[in-house]
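Chemist: Okay, here's the structure, questions in a sec.
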Amino acid sequence: MNPSAVILDINFAGYGIVRSLHRFNIQLIAFKQKKIFLAAAKSRLVDKLITFYGNNELYDLLTEFKDYKVKPVLFLTSDSYVLFIAANRVHFQNIFNFIIPENPTIDLLMKKSLFYDFALKNNILIPRTSRVIIGDNTVKSIENLEFPIVIKPTYRKGSWDKAGFPKVFICNNEKEYLESYRKAISVEEDLIVQEFIPGGDSDIYYCMTYYDGNSRCLGTFTGKKIRQWPVDLGTATTTTIAHEEFVTSETIRVFNMIKYAGFGSIEYKKSQKDGKFYIMEATVGRLDQTEFVTTVHGVNLPLICYGSQTNKTFQIPGSNDKMIIYIDSFKELFSAIKHIKRNDLTLSQWIKSLKGKKAYLHLYKKDPIVGLLLFIEILELLFNKTKLVLRQFWVNKQS
């Protein structure tokens, strides 16, 4: 019997991991936070689903795996889980097989101010950046930057997402900057501001990798976004393979420099102004939400990790250079609608952009319930949206 795979959790990149591993006789155990509805949690590809409320309960539930005769392989899918496991590294290393970077490396790549200093010392191209700490002269801190600029936390915490903030605030002038700064500083006291690199969703490139415990790179996949959600700032809703040697080689150069270990990726934006690739952010110790695009192109990163961790050999299809469009059906719909409303995409252009072989994350003939539930969820959202529009129309008419 192959060791189990524990996926923390089915949200984020979790369902992509499930689809990447389910055909290889591996018991799949997925975690999910309680009170969060997810179509993927109903997947019949998952052998066992475990729900939890918070970190204390999660700690206890994960500790119960100590009774397994063979250590399961642990997969992480969000920054919060990486930090949670890193904080309890010694405890969980006795229970699971997993590889994440050492804590100083996690800090270096997650804390944007630290990475900026590192980039300057090592000839790494990133947007011009300034750090803002509460009490500083906020206008003076941006005097060497050109608008538009973005504001983001130097270390993204759960409080930022709970506040409902976008990944970054985009500011086109000083007034917008001060307004956004007041919102941001109310939640996070340590911020950075960066120049906005001109370009759209399709100018975003990335390289996903897996390194073993000896810092050997066992797999890479380089791709580019077609669209993302939220537009300009979010996660890819459509993406595919890209043949950009610089993106691949620069990612390997950066990770080799710090003796990287585990899953990791770096995202770049190709400037429409000078054609150069600027590093926007790194993903540390976990898989990206769009990881499944690697699997459909023959670079099954979860399986590469699993095989390395268990010393098992699997027949993995060879790398496929043909373009396959990965689609997150739900979010792609919202992204396309937003682009059409902004007049930077027409319906015919949208249809044309999806021509060719496609791979839908949530539509899978061996797991139809997930696609069905997702379709129902979309209908409910559209119904509720229509109700709000009609209600507002009625209120306006009465007034």
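The numbers here are math on the coordinates, done by the rules we state, and not lab data. Quick caveat, the model's predicted, so the values are computed rather than measured. As a convention, Cβ positions derive from the backbone with ideal geometry for all residues, glycine included, and neighbour counts pool all protein chains shown.
Chemist: Would you work out which of N214, I124, T386 lies farthest towards the positive end of the dipole of the chain? Charges go on Cβ: Lys and Arg +1, Asp and Glu -1.
Modeler: Going by the Cα projections, it comes out as T386.
Chemist: Here is a follow-up. Check the straight Cα-Cα distances from K42 and name the lysines below 16 Å, setting aside those fewer than 8 residues away within the same chain.
Modeler: K32, K34, K365, K366
Chemist: Once fully extended, how much extra length lies between K322 and L379, figured as 0.36 nm per residue of separation less the alpha-carbon to alpha-carbon distance?
Modeler: Details: separation 57, 0.36 × 57 = 20.52 nm, distance 3.35 nm.
Going from the current span to full extension adds 17.2 nm.
Chemist: Percent relative contact order of the chain, based on C-alpha pairs within less than 8 angstrom and at least six residues apart?
Modeler: Computed value for the chain: 17 percent relative contact order.
Chemist: For segment 1-103, which GluC sites (Glu not before Pro) pass both filters: DSSP loop (anything but H, G, I, E, B) and at most 15 other C-beta atoms within 10 Å?
Modeler: E102
Chemist: Now a separate question. Nearest-5 percent of antiparallel DSSP beta bridges in the chain?
Modeler: Antiparallel bridges make up about 70 percent of those DSSP assigns within the chain.
Chemist: Determine which aspartates and glutamates satisfy two conditions relative to K322: a Cα distance under 18 Å, and not lying fewer than 8 residues away in the same chain.
Modeler: E244, E245, E291
Chemist: Among the lysines in segment 80-230, how many pairs, 8 or more places apart or on different chains, have alpha carbons under 21 Å apart?
Modeler: Qualifying lysine pairs in segment 80-230: 28.
Chemist: Using the Cα centre of the chain as the reference point, and only Cβ charges (+1 on K/R, -1 on D/E), how large is the resulting charge dipole? Debye, rounded to the nearest 20.
Modeler: 1160 debye
Chemist: Just from the alpha-carbon atoms, what are the Rg and Dmax of segment 5-98 in angstroms?
Modeler: Cα-based Rg and Dmax for segment 5-98 come out at 12.5, 34 Å.
Chemist: Please compute, for the alpha-carbon atoms of segment 295-380, the extent along each of the three principal axes and give them in descending order in Å.
Modeler: 51, 31, 20
Chemist: Report the Cα centroid-to-centroid distance between segment 218-276 and segment 6-28 in angstrom, as an integer.
Modeler: For segment 218-276 versus segment 6-28, the Cα centre distance is 23 Å.
Chemist: Exposed loop sites here are trypsin sites (Lys or Arg not before Pro) in DSSP loop states with at most 12 other C-beta atoms within 10 Å. What is the longest stretch of the chain lacking them?
Modeler: On the way: sites that count: K34, K35, R44, K69, R216, K259, K273, K276, K322, R342, K355, K357, K365, K366.
Segment 70-215 is the longest.
Chemist: Pulled fully out, how much extra length does the chain show between K338 and L120, if you take 0.36 nm times their separation in residues and subtract their Cα-Cα distance?
Modeler: On the way: separation 218, 0.36 × 218 = 78.48 nm, distance 3.62 nm.
In short, 74.9 nm is gained.
Chemist: Stokes-Einstein diffusion coefficient for the chain at 20 °C in a medium of 1.002 mPa s, Rh from the Kirkwood formula over Cα pairs: what value in µm²/s?
Modeler: It comes out at roughly 95 µm²/s.
Chemist: While we're looking at this one, here's another question. What does the extension gain come out to for D47 and S215, with contour length at 0.36 nm per residue minus their alpha carbon separation?
Modeler: 57.3 nm
Chemist: Now, a different point. Per q in 0.13, 0.14 Å⁻¹, report the Debye log10 I(q)/I(0) for segment 201-360, using one uniform scatterer on each alpha carbon and no solvent.
Modeler: -0.62, -0.72
Chemist: Looking at L76, T105, N173, which one has the Cα that reaches farthest to the positive end of the dipole of the chain (charges on Cβ: Lys, Arg +1; Asp, Glu -1)?
Modeler: Ranked along the dipole, the leading option is L76.
Chemist: Highest mean first, how do 186-192, 80-86, 203-209 rank when packing is the count of other Cβ atoms within 10 Å averaged over residues? Before the final figure, lay out each step's value.
Modeler: Numbers: 186-192: 17.6, 80-86: 19.7, 203-209: 23.1.
Going from most to least packed, we get 203-209, 80-86, 186-192.
Chemist: Taking every pair of alpha-carbon atoms in segment 1-58, give the share separated by more than 13 Å as a whole percent. Intermediate values should be presented prior to the final figure.
Modeler: Numbers: 916 of 1653 pairs.
Cα-Cα pairs of segment 1-58 separated by over 13 Å account for 55 percent.
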